[in-house]
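Below is one structure, written out as structure tokens; comments come after it.
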Amino acid sequence: MRRFAILVVLVAVAPLVLRYPELETQILTFGLLAVAFNLLLGEMGFLSFGQATFNGVGAYIAARALLDAHAPLPIALLGALLAGGAAAALVGALAITGRGVYGVMLTFAFNEMAYFIAFQWRSVTGGDDGLRGIPRPDVFGISLDDATRYYYFTALVVLLAFAAVLRIVDSPFGAVLRAIRENEGRARAIGFRVRRFKIAAFALSGALSGLAGGLYAELFHFVPLQAIDLDTSTNIVIAALLGGIGSPYGALLGAAIFTVLSNSLSHVWAHWPLIFGLVFCAVVLFFRTGLWGITERWSRRAAHA
Amino acid sequence: MLHTRSLTKRFGAHSAVDAVDLEIRPGTLHAIIGPNGAGKTTLFNLLSGELQPSAGTIVFGDRDVTRLDATSRSQLGMGRSFQRTNVFPKLTAFENVRLAAQSRTGDSFALWRRAASLDGANARAESVLAEFGLLDSRARLAGELAGGDQRLLELAITLATDPVLLLLDEPSQGLSPQDAQRLIDRIGTLSARYTIVLIEHNMPLVMRLAGEITVMNFGRVLARGTPDAIRANADVRAAYLGKHVSP
């Protein structure tokens with residue numbers, strides 16, 4: 001509870017300190033993607049290498065709803081959430097038939113398929129030009145035209161989604177996911193229908209990713225083809241591992257650092273991924289629990305001192 | 001309570017379990033013994049649904065469960081423990097047992113409740129841990145418990161699912177004599193309340209606890225009967241028992 005309160009305060013004051021509301025909004029939407037990914041890897045132990053699929057589906061659905069149907073923003077976002085969840089339930093149901101690394105490869109393969117569909121289906125997705133001119137309608141009579149206002153709107157939605165994830169982690173359902181992660185065979189032997197839990201976890205993860213995509217679509221009034229590409233999927237994996245998969249907070253922290261670094265370093269030096277790669281290797285090799293694990297250790301030490 | 005008819009499992013040309021008829025009566029402790037490679041664990045995997053038989057039927061109560069998977073059989077009340085300790089290593093002892101109890105509550109898809117607030121499952125986990133003398137270790141990770149305690153936890157998980165039939169696969173395997181004794185006492189108490197099928201190598205244990213014994217050799221049933229009858233059976237002695245049991 002205290003951590004969540006600190007998070008809310010940080011999110012609330014961020015625009016006063018760093019004056020780039022677009023960047024901060026991106027931290028939040030990317031953070032939600034990492035948190036959704038972590039629900040599968042950190043809790044259930046399934047590495048999904050295709051999370052951008054659901055981000056992209058959500059972004060395209062929200063964009064089409066706003067462009068074609070002039071839907072209210074909450075409805076567009078709800079559509080993104082449901083579409084992301086449905087896509088993930090489908091991908092999940094097929095991917096979990098693969099054991100171990102084959103399951104990972106299936107999420108990867110479905111992402112590649114989704115990318116090519118998006119690339120070809122220009123009338124819906126704009127192909128490699130992306131979708132432009134996506135409106136950002138008022139919500140309950142409040143204009144979100146201003147970037148800071150849109151930041152706060154996004155913050156409200158993402159914090160609610162994050163609170164839901166924290167709640168799910170503590171739920172009986174979350175406990176079953178950890179049982180599957182620890183020992184799938186035994187989970188089955190004590191009477192859990194493991195397959196159903198896995199598909200449900202995928203659907204939840206996909207719904208949150210779709211929501212993130214939906215929020216991103218209005219940020220720059222633009223959905224690039226990158227929203228659904230494998231680079232984005234890879235970045236989600238990297239950010240979550242960097243932050244640490246032991247906690248949803250870790251995923252959020254990793255996404256924040258990743259977004260800030262990739263934005264600032266890319267201005268300084270075009271080859272910034274090289275530095276980032278080294279940092280990433282160091283974290284994976286020496287700090288398995290990620291940056292969040294390190295901060296937790298420090299705070300425990302401080303508490304003992 | 002549990003019967004099999006001509007139960008067979010072939011791996012290629014080899015029959016690991018060959019036309020086995022079993023009859024487990026309610027309230028008995030039925031031991032399955034036999035030399036290594038006799039097909040005992042394969043038989044168990046067939047009974048619990050980890051493996052599908054090549055031929056034959058399995059009836060539990062009055063229900064044909066031959067084609068049901070392990071999850072369904074568990075939900076019907078067939079609780080199984082494993083030869084190799086098979087726990088959730090990075091979850092606490094309490095969480096291990098609580099999950100097993102939770103699997104009977106129907107609340108496992110409740111996203112909005114807190115696991116800590118499932119009173120029924122928590123109480124069940126407490127009482128099972130207490131019964132196995134593991135309450136003091138409740139907050140420790142299962143994978144960090146001592147070997148004997150892990151074996152007890154293994155049994156506790158199975159019991160927390162509230163089974164009517166217990167399938168115990170070599171529960172004393174790998175235990176020190178003291179720990180084995182502790183476990184034997186525990187199984188003795190359980191046999192008053194449950195129907196138990198037990199695979200076990202520890203002959204003194206089998207002879208003391210079992211009401212009925214089935215002896216397997218080369219995938220087939222070699223003999224069945226009371227411990228006294230088995231002790232006296234010449235085939236059994238020739239195949240297996242001579243070196244373990246003094247007359």
Given (1) over 22 Å from residue A:165 (Cβ atoms); (2) free of Cβ contacts under 8 Å to residues at least 12 places away in the same chain, number of the condition residue A:280 does not satisfy: (2)
Flag if residue A:24 is among the charged types (D, E, K, R), under 20 Å from the mean Cα position of the chain (by Cα), farther than 25 Å from residue A:220 by Cβ and assigned to a helix (DSSP H, G or I): no
Is it the case that segment A:210-222 has a residue that's farther than 19 Å from residue A:4 by Cβ, more than 14 Å from chain B (Cβ to nearest Cβ) and touching a strand residue (DSSP E or B) at 6+ places or on another chain (Cβ under 6 Å)? yes
Among the residues of segment B:43-78 satisfying the criterion of being farther than 23 Å from residue B:157 by Cα and buried (at least 19 other Cβ atoms within 10 Å of the Cβ), which is nearest to the chain's Cα centre (by Cα)? B:58
Please pick out the residue among A:246, A:210, A:293 that is under 23 Å from residue A:52 (Cα atoms), part of a helix (DSSP H, G or I) and of a type outside the set (A, V, I, L, M, F, W, C). A:210
Between residues in segment B:209-230 that are within 20 Å of residue B:187 (Cα to Cα) and residues that are among the polar types (S, T, N, Q), which pairs lie under 7 Å by C-beta distance while being six or more apart or on different chains? B:209/B:191; B:211/B:28; B:212/B:28; B:212/B:226
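Check every one of the helices (runs of 4 or more DSSP H) wholly within segment A:101-185 and list those with 2 or more residues that are more than 30 Å from residue B:102 (Cα to Cα), free of Cβ contacts under 8 Å to residues at least 60 places away in the same chain and more than 14 Å from chain B (Cβ to nearest Cβ).
Helices (runs of 4 or more DSSP H) meeting the threshold: A:101-120, A:122-125, A:147-169.
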If residue B:33 satisfies all but one of (1) within 14 Å of the chain's Cα centre (by Cα); (2) surrounded by fewer than 22 Cβ atoms within 10 Å (Cβ to Cβ), what's the number of the condition it fails? (2)
For segment B:191-241, please list each of the helices (runs of 4 or more DSSP H) lying entirely inside it that holds at least 1 residues being of a type in the set (S, T, N, Q) and modelled with pLDDT of 85 or more. none
I'd like to check something: does segment A:71-80 contain any residue that is of a type in the set (A, V, I, L, M, F, W, C) and closer than 24 Å to residue A:46 by Cβ? yes
Take the residues in segment A:279-305 that are closer than 16 Å to residue A:41 by Cβ and of a type in the set (Val, Ile, Thr), then tell me which one is surrounded by the most Cβ atoms within 10 Å (Cβ to Cβ). A:283
Is there a residue in segment A:189-205 that is in contact with a Ser or Thr (Cβ under 8 Å, 6 or more places away or on another chain), closer than 14 Å to residue A:32 by Cα and within 14 Å of chain B (Cβ to nearest Cβ)? yes
Give all pairs with beta carbons closer than 9 Å in which a residue from segment B:30-52 that is more than 14 Å from chain A (Cβ to nearest Cβ) and at positive phi meets a residue that is acidic (Asp, Glu) and outside any helix (DSSP H, G or I); count only pairs at least 6 apart in sequence or on separate chains. B:39/B:18
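Table: residues versus (1) within 14 Å of chain A (Cβ to nearest Cβ); (2) not β-branched (Val, Ile, Thr).
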position	(1), (2)
B:134	no, yes
B:144	yes, yes
B:149	no, yes
B:195	no, no
B:215	no, no
B:218	no, yes
B:225	no, yes
B:234	no, yes
What number of residues within segment B:79-104 are touching a residue at least 60 places away in the same chain (Cβ under 8 Å), among the polar types (S, T, N, Q) and in a loop (DSSP other than H, G, I, E, B)? 3
Within segment A:186-207, residues being crowded, with 22+ Cβ neighbours inside 10 Å and in a loop (DSSP other than H, G, I, E, B) number 3
Count, please, the residues in segment B:79-117 that happen to be surrounded by fewer than 19 Cβ atoms within 10 Å (Cβ to Cβ), over 25 Å from residue B:195 (Cβ atoms), touching a Leu at 6+ places or on another chain (Cβ under 8 Å) and more than 7 Å from every other protein chain (Cβ to nearest Cβ). 1
Counting only residues in segment B:61-78 that are in a loop (DSSP other than H, G, I, E, B) and in contact (Cβ under 8 Å) with a residue 40 or more places away in the chain, the one farthest from the other protein chains (Cβ to nearest Cβ) is identified as B:61
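The values are calculated or read from the model by the stated rules, or taken from the named source; none is laboratory data. Given the structure is predicted, the values throughout are model-derived calculations rather than measurements. Don't worry about glycine lacking a Cβ; one is built from the backbone with ideal geometry, like all the others, and counts go over all protein chains shown.
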